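Some notes on the structure that comes next.
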Amino acid sequence: MDSVTMNGETIACSGGCRAVIDTGTSLLAGPPSGISNINSYIGASDGTISCSAMSSLPNIVFTINGIEFPLPVSAYITDAAPLSLRLKHWDCTEAQIHK
């Protein structure tokens, strides 16, 4: 993966990083530093954010081999699990693959 950006600002993988695309999960997972950067960028506290803030949140853009794959807020935040810290690699979600 080349980078992960929000509003044109690189928030993870600035020099490129390894990634896994797993069509068997619907979670967005990544290294703790990348997930922390996303949480910080969107104003999440302890992995949660106010539902009223969702309409103003930007896409997360995964750039892979020079191609941008935008992930809208509706695909990366749910009322059950905003972000997952379970894995140590980027795991692009099934929702992103279908877009």
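Just so you know, all these numbers are worked out from the coordinates, no wet-lab data involved. Nothing here was measured: the structure is a model prediction, and the numbers come from that model. Don't worry about glycine lacking a Cβ; one is built from the backbone with ideal geometry, like all the others, and counts go over all protein chains shown.
Expected output is a single nm value to one decimal: the length gained when fully extending between Asn59 and Thr25, i.e. 0.36 nm times separation in residues minus the C-alpha distance. What is it?
Result for the pair: 10.3 nm of gain on full extension.
Label-to-label distance, Cys51 versus Ile67, with points set 7 angstrom from Cα along the beta-carbon direction: 3.6 nm. Normalising the Debye intensity of the stretch 1-65 to I(0), with uniform scatterers on Cα atoms only, and taking log10 at q = 0.16, 0.28 Å⁻¹ returns -0.57, -1.35.
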